[in-house]
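Rule-based calculations on the coordinates, nothing more; no lab input. Just so we're clear, the structure is a prediction, and the values are computed from it rather than from any experiment. A quick note on method: Cβ atoms are made from the backbone with ideal geometry, for glycine too, and the neighbour counts reach across all protein chains shown.
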Amino acid sequence: MSPRLAPGDAAPDFTLPDADGKEVSLSGHRGRKVIVYFYPAALTPGCTKQACDFTDNLELLAGQGYDVIGVSPDKPEKLAKFREKESLKVTLVGDPGKETMEAYGAFGEKKLYGKTVTGVIRSTVIVDEEGKVERALYNVKATGHVAKLIKDLGLAAE
């Protein structure tokens, strides 16, 4: 099981293909805060809800200096289908080799319907402008997570 990140850790840099096959790297976002969220699979109910929540709040997040990158083990073709079907505006990248997920502690043993399985651990890591971990949240819920995140970061609309 990969170690989990903690505030103050250097966020592991990554370069992964987005839904269009273009490379996206964390270091390309220096100077802005980045919400990197890990989800198990595109086009599934919980992951769709979470991606739509991020898309619905993207203007607020971007206005506060945050970029959002969603990472799943999916290939770019599936990510493109997901983006189109749900009209997603967040950047989606694929990590089929799961190296980035492991580097972030977002892949390993988890409980699923009472059984222990190995898979993607739904997680959100907030990286500051310098590339350091500001917050690392593991085993987050798909529903309500974005609203809680906005509240916890003090970004809620007045």
- Here Rg/Rh (Cα, Kirkwood) for segment 15-147 equals 0.93
- Query: Restricting the count to DSSP beta bridges whose residues both fall in the chain, what percent are antiparallel, rounded to a multiple of 5?
  - Reply: 70
- Item | ³J(HN,Hα), Karplus 6.51/-1.76/1.60, whole Hz, each residue of segment 103-114, x for Gly, Pro | 4, 9, x, 9, 9, x, 6, 8, 8, 9, 6, x
- Message: For a quick check: with amide H placed at 1.01 Å from N, whose amide H comes under 5 Å from T91's, ignoring anything fewer than 5 positions away on the same chain?
- Response: V68, G70
- With a Förster radius of 25 Å, plug the Cβ-Cβ distance of E84 and K22 into 1/(1 + (r/R0)^6) and report the FRET value to the nearest 0.05. 0.95
- Task: Using a Förster distance of 30 angstrom, determine the FRET efficiency expected from the C-beta separation of L43 and A156, and round it to 0.05.
- Result: 0.50
- Provide the FRET efficiency to the nearest 0.05 for the E102-C52 pair, computing r from the beta carbons and using R0 = 30 Å. 0.65
- Find which of P12, L112, L92 sits farthest along the positive direction of the dipole of segment 1-150, computed with +1 on the beta-carbon of Lys and Arg, -1 on that of Asp and Glu, about the Cα centre. L112
- Kirkwood hydrodynamic radius of segment 55-127 from all distinct Cα pairs, in Å? 13.8
- Cut-off under 5 Å, modelled amide H: who pairs with R135 long-range: I126
- Query: Counting only residues 5 or more places away or on other chains, whose amide H sits under 5 Å from the amide H of I121 once H atoms are built in the peptide plane?
  - Reply: F107, G108
